[in-house]
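The values are calculated or read from the model by the stated rules, or taken from the named source; none is laboratory data. What you see is a predicted model, and the numbers here were worked out from it, not measured in a lab. We place every Cβ from the backbone using ideal geometry, glycine too, and count neighbours over all the protein chains shown. Accessible surface is based on the protein model in full, side chains and every heavy atom, while ligands, DNA and RNA are left aside. Shrake-Rupley method; radii C 1.70, N 1.55, O 1.52, S 1.80 Å.
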Amino acid sequence: MNKVLFSFIILMLLIPVIANAEIVLDETLIDESNTIKIPYGANFTKNTDFILCVPTDFSVCSSDFEVNYKYTYGAASKTGYFSTLNETFSTYGLEATEPNIYCGIIDGVSTGSVEINASCFNSNNGKTHRDITTVSVYSAENILHKQSTYYYDYYASPGNSILMNIEYLHTGDFSPTYYSFDADIYYTVRDITTGGIIDQAHNYITLDEYSTYWYDWFEIPVDIPVGIIDFIAKETSTGDFLGGTYTIYKARPFYATLTVSETSPKIQELLSIELTNTLHYGAITDVDTTIEYPNGTEIQITLNETNNYKENFTVPKLTGYYSIQSTITHSTGYTYNEYAYFYANPQYSIDITDIRKIYSRGETVSVSAALVNSTAVAPSEAEFTFADPENYKLLTVKNEDTTVENEYRKAYFDIDSDADIGEYRVDIELKDEYDIIYTKSKYFTVTNSTTTTTDLEFSPNSIDLDIDSLDEVKTKITITNEGSAIDGIDIDVKNLTGYVSLDTDDFDETLSAGEDTYFYIVITPDDDMPLGTLTSTIEISTSDKTYELPISLNVLLSSNIVIDVEHNFEILTETQETITIPIENNGTYAIKNITADIEGDLKDYVIGTYTPEIPAGDTEHIEIELDEFEDDGTYTGTINLTINDADYSTTLIVTVFDDFADDIEYLNALRLSLHQTILTLQQEGTYIGDVEESLESLQASINELDSLYASEKYLEAKDLLDTLQTEADEIETSVTVLQAASTPEDNSDTEESIENYCGDGFCDLGESCDCSDCRYEEQCEEIPSSGSSNTFIIIFVVLLVIVGGVVIATSIVPDDWDEKDKNQ
């Protein structure tokens, strides 16, 4: 009884647990609409793998996230698990940006279906949520596979292209010896971190027993350096699926260069070795750097992030080639070897002096040698060995038997009076402070004492210059007499004398054996000298021999044209004008031939064109003579220039104005008339206010107007004329009001004469033409006055009616002024 009761109690306690273990079908866990099938649509070749990915949403759960699958094909099936994008492709060094996408790489067999089961545990309700979806997959009997992985694995950097390649092998109903059909190749490129499509394309090919390969180039996106490319093939005529495959492309994750600060250093010199990495994605995990010496010894140096991949290295006391190798390992597992090399040179070189090329029997040979570099002459131990033409050693001078002058070791050798005639040799050995031995040989000829032999050496022995400026170039030529004494040397320039000359002010025409002298070759470029390579020869002659010193001039002079892109001109109708276009040549080569062709409205008005020659550094003008324009307006054209085989163009804008000189004269005559009236009013005692100042300002502006017109600045002149005509109207109105107000009711009295004077700023009646006030000769001869028939008739009726404090003034403007206004 007690056992039954106990069992009942246990059962009652387990009922809530069993209830809480209930499985809830939750269709929100898997997004069936965005299932990813790779190859595209999971159309795979039989017995090859394929990939399925599904987006999930496990937000309702707190733990036990799981996605598994069951792949059924015919009567068989296989199961497995999906993992996140990052876990599926973690070997490629990129973090997935879509962590809720789960993928599975499934070993495909044949057509079937894949049941995907997603589940998770919800701790809030104690229930397991589950979602199930089924995906169909299709396979083909034929084989579509990657021909090579060479181009997919770290072949190119992001932004560069890789070669996609697949091979089609038939295993179906086609004849094994011959088949031919058209096929469509589709490929899809996916972002490995999201599974999303970034590119799709379709290509048409013909497949037969000879053509089974397909190629195309694909540019790796800079921001997607690792991705998936899947391929499928269909027969064009039937649409039958022929096979599918996929590959994972991986761009080169970094680019590295290994450099050494000096590729030809001397021993004991300090070098800087630097590794530069351009990282595209992932991280550099290791750098292993080795230096191999010329004798095979290897040492390790450290190049890593701690020292910014840079290390100093002192070249050992060992000459020869050194090899540096850096092995760089990336987080993807990709490794790359980068190399650098340098050659270690001795610290010094041997400098030999004193010895000549030719000696006579009975003379003494002296030879000096030292170890030198660019900054110093080093102490050394020396040994000199002299040998005859038969290579027989005649004399060895040990270090202790030499003399020292400025660190140069000197040895002597006496030539016997009956010595063999021929070529002798001295072998020189010098040892530096590092016990490195330097060797060098020097040859000299022994002749019969009665023989005079000329042997000159030139330094330099040729001249090769680039002429890219007009600056004079002087080159010093040193002549050393390696033979017998010379009592006369002649130097002459054989050609290009217009550009090549000699400076022999310090040249010595006589030389003893072993002596030297010098002269200068002077190159004087000209801006019209031929371009390209010019050659000349300096001939040096002695009594028994002639030498030639070649000169090569690579003439690189060039003109450089400066011309404005637009030129504006202002001219008058019914006049022939010549317009000019400035062209500056600020280069080094003269402009000889300019051809000009004019297009546009202006072409019909061009009478002639003059094109100048333009020396380097000068500015000249192209002159274009234009025929008369009948109508005012704006005319445009383009002048196309060919200058020294280069093309240029500039726009010409010609604004044509009707001549308005008469309007200017009319305005000035009005100003004179108004001034005469003002003088009369002042004589009568009328207060004229600021009218006189306005007239003076008008006169100054008319002076400016005359200047603009004379300078052919017609647009500015026309605008100013319009303004001044308005000002003149206003002044005339003021003067007429003053005149009417001062007129007595009985005007029969004789007007008193008005005395004008030179220097009042106005050219008045009666003033001499010599007066500075009179700007034009005709004005001082024919000045309009208020009483003559040439004066403008001004009728002004003033009615002063004081009604309620209002004054009404009415003015009648002369007829000829109205006509002038109409013509404006």
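Annotations for the structure displayed:
- Whole-number accessible area per residue in Å² for segment 389-486, which is evaluated in the context of all protein chains at 1.4 Å: 60 Å²
- Computed extension gain for Glu87 through Gln200, at 0.36 nm per residue and net of the alpha carbon distance, reaches 38.1 nm.
- From the alpha carbon centroid of segment 688-735 to that of segment 339-375 is 90 Å.
- Expressed as a whole percent, the accessible surface of segment 460-616 that belongs to carbon and sulfur atoms is 39, based on a 1.4 Å probe.
- The label-point distance for Glu66 and Ser237, in a model that sets each label 7 Å from Cα toward Cβ, rounds to 5.3 nm.
- Whole-angstrom gap from segment 468-508 to segment 66-103, using each part's C-alpha centre: 86 Å
- Label zone of Gln325 (point 7 Å out along Cα→Cβ, amide N under 12 Å): in segment 266-306 this covers 288-293, 298-299.
- Mean accessible surface per residue for segment 535-609, computed with a 1.4 Å probe while every protein chain stays in place, in Å²: 50 Å²
- Cross-link pairs exceeding 27 Å in C-alpha to C-alpha distance, out of Lys357/Lys393; Lys266/Lys442; Lys357/Lys440; Lys393/Lys545; Lys37/Lys70, comprise Lys393/Lys545.
- FRET efficiency, Thr302 to Ser59 (Cβ-Cβ, R0 35 Å, nearest 0.05): 0.10
- Accessible surface of segment 51-104, 1.4 Å probe, proportion on carbon and sulfur as whole %: 46 percent
- Where segment 619-677 is the region considered: accessible area per residue in Å², 1.4 Å probe: 42 Å²
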